[in-house]
Every structure is written in structure tokens, then in C-alpha cells.
Amino acid sequence: MQTLTQRIEAAAEGVGTVTFLSGDTGVTVPWSVVHHEARSMAAALQARGIGPGDHVDDVIRLLDHLGLERATLMGASASTLIARDAAIVTSGFSKSAEAYRCG
């Protein structure tokens, strides 16, 4: 069985496409372009000192700053993943969060 990284790399080398929809319009691009842009974005974030999990840490620090022991987090697109991960990280501690996907 391939790892997620291996599957993403294989898709990027293939001829497949992905279509991004917004309202009634869509843009279709090759997976290789999506993969290249994602790697470029990750490298740019890494160069600025931002790594995986930093956004989740930001959410938890905000909850601490606001003095909140419980929070309901809602997100759309990538922010849904941040909300979910914050809920997972805070489960079992005095601080807790629930995550919901909108849209």
C-alpha cells in the first residue's frame, strides 16, 4: 500500500486534472500544477518559519488569550482542518473545542 505522500507524487506525475468550482464557473488544471504550487507555497511558508501545526497552535494560543475553556470552531475549506485538529489536540484537557464544517 502506498503512503499518502507516494499517492500524491504519483498523481502529480500522471495526466489527471482537478476542477475548482466557484459558483457557476470552474477552472481545470493538471494535478502537476496543483502539486507544484502546493510545494511552492509550503516552501514559502517554511522559509517564513511556519510549519505544519502552527495554525493549530495559533488557535489554541488565541483561546488561552481570550480565557476560553470551551469553544465551537467553524471553518470552510482548509480552516475546517485547522478547527478539526485544534479540537483533537484539546480533547482530554481542561480546554476543549468542537469543530464543524460550513459550506
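Just so it is clear, none of the values below were taken in a lab; they were calculated from the coordinates. Being a predicted model, the structure only gives us computed values, none of them experimental. Cβ: placed from backbone, ideal geometry, glycine included. Neighbour counts: every protein chain shown.
State, to one decimal in nm, how far the label point of Leu66 lies from the label point of Thr25, with both points 7 Å from Cα in the Cβ direction. Computed distance between label sites Leu66 and Thr25 equals 3.4 nm. Note on semi-axes √(5λ) of the Cα gyration tensor in Å: of the candidates (1) 34, 22, 10; (2) 71, 13, 7; (3) 31, 17, 14, the value calculated from this structure sits at (3). Please report the relative contact order for the range 1-84, taking Cα pairs under 8 Å with a sequence separation of at least 6, and give it as a percent rounded to a whole number. RCO, the range 1-84: 17 percent. Between Val33 and Asp57, the contour length at 0.36 nm per residue exceeds the Cα-Cα span by 5.7 nm. Sparse packing (at most 11 other Cβ atoms within 10 Å of the Cβ) combined with a DSSP loop state is found for the following trypsin sites (Lys or Arg not before Pro) in the range 15-74: Arg48.
Multiplying the residue separation of Ala42 and Arg7 by 0.36 nm and removing their Cα-Cα distance gives an extension gain of 10.8 nm. The GNM of the chain, with springs linking C-alpha atoms under 10 angstrom apart, assigns the highest mean-square fluctuation among Thr19, Thr72, Thr80 to Thr19.
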